[in-house]
């Protein structure tokens, strides 16, 4: 048995000194062969630590198939490349491809589907699950344009919440970064100067100013934005990811499904301890320093940052709304009408406030010819909230 990721982190700290929380989280989740998402024994679903929308009902993927078909039509009905990053066990990919095949033979003939998967054990499971669509599906280790940019869509279902984040805390009127050390047999935290100027730039960009009270507007000095003791996350990886996605897409859409808030809600007074949570056997764990490498770690998505960084990368916001509203707009009531009581109960977990229907949001970003209008997508027909970001 190889060395545990916990021990690898300890050895790094003893060798280099205290590390940023981002570095700690990155190793705990993604250290090759040992991190939570890269180790062979990681389970997703009822037998694991968490589940996602596709685990509740295949209708989630069927609705996305309808949305992708509309995107294909908007892009001219040619070759359409779908890339899904962080596909879990592959259930969403299967449901989408099943839905496309059952709905539109021409679209099915035009589509290719690539899964970006780091974990060899998960990739093997996905290959077996998707055997029926073998001619349509390929795999990659990283999100990159091997053959140049393509037309199509990039899907990110509960991906961005697992990006490693910087932890910061206001102290003496300054943003200080949480560092992780190891003393007396345990991980301990200490505050230090921020490791990059980008952290303060991010906080000034997305924390509402004292007078404006509007999201996405630069405020004044940090002390007036966030009070001493306020702790939160800074996800700088969002910007890097969107630039990478822009390099993959010549023309098309990015569809993000995740839990999170607009900036004005993300930095509300009641979230003064941040949004970082861990999941171990379907239980919430607030201490990230236990079960290291054996539990999921997440931070909610700042959708205002996603919109702003998307615009920097050449995208425009095509839609933003709660997941439940999105699925209803796509016609999920047709599926509801055909279900028994047990099926209806599962589907409610995707739709209702207080479930994934309210906690999870959907955002679509569009990249196309400059100066044109952003296409209107059916999923945002009822409630497009791009303007609140």
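Residue count for region 315-333 under the criterion of being over 20 Å from residue 349 (Cα atoms) and modelled with pLDDT under 95: the result is 0.
Table: residues versus (1) without any contact (Cβ under 8 Å) to a residue 12 or more places away in the chain; (2) in a loop (DSSP other than H, G, I, E, B).
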{"residue": "124", "(1), (2)": "yes, no"}
{"residue": "138", "(1), (2)": "no, no"}
{"residue": "143", "(1), (2)": "no, yes"}
{"residue": "153", "(1), (2)": "no, no"}
{"residue": "156", "(1), (2)": "no, no"}
{"residue": "164", "(1), (2)": "no, yes"}
{"residue": "175", "(1), (2)": "no, no"}
{"residue": "182", "(1), (2)": "no, no"}
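Residues in region 235-256 include at least one that is surrounded by fewer than 20 Cβ atoms within 10 Å (Cβ to Cβ), in contact (Cβ under 8 Å) with a residue 60 or more places away in the chain and part of a strand (DSSP E or B). When each of 349, 357, 379 is tested for being under 22 Å from residue 251 (Cβ atoms) and assigned to a helix (DSSP H, G or I), the lone residue that passes is 379.
For the structure I just gave you, tell me whether residue 275 is farther than 18 Å from residue 85 by Cα, crowded, with 22+ Cβ neighbours inside 10 Å and modelled with pLDDT of 95 or more. So residue 275 fails the test. Give the residue that is nearest to the chain's Cα centre (by Cα), with candidates limited to residues of region 102-112 that are surrounded by fewer than 23 Cβ atoms within 10 Å (Cβ to Cβ) and more than 18 Å from residue 331 (Cα to Cα). Looking at the filtered set, the residue picked out is 112.
Considering 228, 197, the condition of being under 26 Å from residue 23 (Cα atoms), modelled with pLDDT under 95 and out of contact with any helix residue (DSSP H, G or I) (no Cβ under 6 Å at 6 or more places or on another chain) is satisfied by 228 alone. Identify, please: which residue in region 50-91 is under 17 Å from the mean Cα position of the chain (by Cα), more than 23 Å from residue 138 (Cβ to Cβ) and part of a loop (DSSP other than H, G, I, E, B) and is, among those, modelled with the highest pLDDT? Going through the qualifying residues, I end up with 51. If you scan region 103-115, which residues turn out to be part of a helix (DSSP H, G or I) and in contact with a helix residue (DSSP H, G or I) (Cβ under 8 Å, 6 or more places away or on another chain)? Correct list: 103, 107, 108, 110. For residue 289, indicate whether it is touching a strand residue (DSSP E or B) at 6+ places or on another chain (Cβ under 7 Å), in a strand (DSSP E or B), in contact (Cβ under 8 Å) with a residue 24 or more places away in the chain and surrounded by fewer than 19 Cβ atoms within 10 Å (Cβ to Cβ). For residue 289, the condition - touching a strand residue (DSSP E or B) at 6+ places or on another chain (Cβ under 7 Å), in a strand (DSSP E or B), in contact (Cβ under 8 Å) with a residue 24 or more places away in the chain and surrounded by fewer than 19 Cβ atoms within 10 Å (Cβ to Cβ) - is not met. Would you mind stating whether residue 118 is part of a helix (DSSP H, G or I) and modelled with pLDDT under 95? Taking the combined requirement at face value, the residue does not satisfy it.
To keep it simple, each residue is scored yes or no on (1) at pLDDT below 95; (2) out of contact with any strand residue (DSSP E or B) (no Cβ under 8 Å at 6 or more places or on another chain); (3) surrounded by fewer than 18 Cβ atoms within 10 Å (Cβ to Cβ).
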| site | (1), (2), (3) |
| --- | --- |
| 142 | yes, no, yes |
| 150 | yes, no, no |
| 164 | no, yes, no |
| 210 | yes, yes, yes |
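Inclusion of residue 322 among residues that are in contact (Cβ under 8 Å) with a residue 24 or more places away in the chain, more than 26 Å from residue 61 (Cβ to Cβ) and in contact with a strand residue (DSSP E or B) (Cβ under 7 Å, 6 or more places away or on another chain) is not warranted. Taken together, the criteria exclude residue 309 from residues that are touching a strand residue (DSSP E or B) at 6+ places or on another chain (Cβ under 9 Å), under 27 Å from residue 252 (Cβ atoms), touching a residue at least 12 places away in the same chain (Cβ under 8 Å) and crowded, with 20+ Cβ neighbours inside 10 Å. For region 348-366, a residue qualifies if it is crowded, with 21+ Cβ neighbours inside 10 Å and touching a helix residue (DSSP H, G or I) at 6+ places or on another chain (Cβ under 8 Å), and the qualifying residues are 350, 351, 356, 357, 360, 361, 362, 363, 364, 365.
The values are calculated or read from the model by the stated rules, or taken from the named source; none is laboratory data. Just so you know, these numbers come straight off a predicted model, no measurement behind them. Cβ coordinates were reconstructed from backbone atoms using ideal geometry, including for glycine residues, and neighbour counts include every protein chain displayed.
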